Amino acid sequence: MATIALSAPPTTTLRAGDVDNRATYLSFTLAYVFGHGAAALSKGTDPLLNLPGWLPMALLGLGLAVGTVAATMAALRAQRGADSRDILSGKLLGISWASAFAALFLAITGITSLLDRADLQSVLWPTGAGLVVGLLYLGEGAARRNVLHYCLGTWLALVSTGALLFDTPGLFWMLTLGGGGGYAIATVLERRRLAIRH
């Protein structure tokens, strides 16, 4: 009697030090699409929707908070079984997020105070945060030899700073479509990256 051998589906078991970013990417996709998307629809001289001013920031903040928790949990899982050099690298990368956003806070506060233009914060925070995240992803991608993460960082840095060339709501459309789209594509490609690696 002939038997048929079935191959097992590819697994996504992670090696020590490797990070599964799917949950993080998906959370940030939703944050960009709903948070920046709500801002794009409700801001500008002729808004498409009349939404409460707090809603876009709340949607963005909720998605970013979920994504941050997912990223932290993924980074902690990646440290299991890692050697001391990888653990130190992971800790330094984690601390760099706090340092980078503290520096961004000081820069935005200084610029808006110096120019006496508090209204600039609504433009500088979303674009500045995207730039900082993009640059941090570049560093993380290089340190972890993760080309997808590195490419996403490049894309986010360029989209976020390129958005400054647009007026409101164009700036928010750029962040919604460019940033959210980048995260959505990365979410799909991350599964493939993990399957190939293992």
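The values are calculated or read from the model by the stated rules, or taken from the named source; none is laboratory data. Please read all numbers here as calculations on a predicted model, not as lab measurements. Because the Cβ atoms are built from the backbone with ideal geometry, glycine has one as well, and the counts that use them run over all protein chains shown. When the accessible area is computed, the model is the full protein with side chains, heavy atoms only, and any ligands, DNA or RNA have been set aside. Shrake-Rupley method; radii C 1.70, N 1.55, O 1.52, S 1.80 Å.
Points to keep in mind about this one:
- Taking each residue of the range 69-85 that is under 27 Å from Phe28 (Cα atoms) and looking for partners that are surrounded by fewer than 14 Cβ atoms within 10 Å (Cβ to Cβ) with beta-carbon atoms closer than 6 Å, six or more apart or interchain, yields Ala82/Ala16.
- Of all residues making up the range 41-92, the number that are hydroxyl-bearing (Ser, Thr, Tyr) and farther than 22 Å from Leu120 by Cβ: 4
- Residue, modelled with the lowest pLDDT, within the range 139-157, restricted to residues that are open to solvent by 40 Å² or more (accessible area, probe 1.4 Å) and among the small types (Gly, Ala, Ser): Ala143
- Selection count, the range 106-138, where residues are over 18 Å from Leu164 (Cβ atoms) and modelled with pLDDT under 95: 3
- Residue count, the range 132-160 (criterion: touching a residue at least 24 places away in the same chain (Cβ under 8 Å) and of a type in the set (Gly, Ala, Ser)): 5
- Of residues in the range 109-150 being hydrophobic (A, V, I, L, M, F, W, C) and within 12 Å of the chain's Cα centre (by Cα), the one farthest from Arg197 (Cα to Cα): Ala129
- One residue stands out among those in the range 80-99 that are open to solvent by 90 Å² or more (accessible area, probe 1.4 Å) and closer than 19 Å to Thr68 by Cβ: the one that is modelled with the lowest pLDDT, which is Lys91.
- Yes/no for Pro169 being surrounded by 15 or more Cβ atoms within 10 Å (Cβ to Cβ), of a type outside the set (Ser, Thr, Tyr) and more than 19 Å from Phe28 (Cα to Cα): yes
- Subset of the range 100-120 (residues that are of a type outside the set (A, V, I, L, M) and open to solvent by 70 Å² or more (accessible area, probe 1.4 Å)): Phe105, Ser113, Asp116, Arg117, Asp119
- Tallying residues that are among the hydrophobic types (A, V, I, L, M, F, W, C), open to solvent by less than 80 Å² (accessible area, probe 1.4 Å) and at pLDDT below 95 within the range 172-198 yields 2.
Rundown of residues vs (1) surrounded by fewer than 19 Cβ atoms within 10 Å (Cβ to Cβ); (2) outside any helix (DSSP H, G or I); (3) of a type in the set (Gly, Ala, Ser), yes/no style:
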site: Leu30; (1), (2), (3): no, no, no
site: Ala38; (1), (2), (3): no, no, yes
site: Thr45; (1), (2), (3): yes, yes, no
site: Met57; (1), (2), (3): yes, no, no
site: Ala65; (1), (2), (3): yes, no, yes
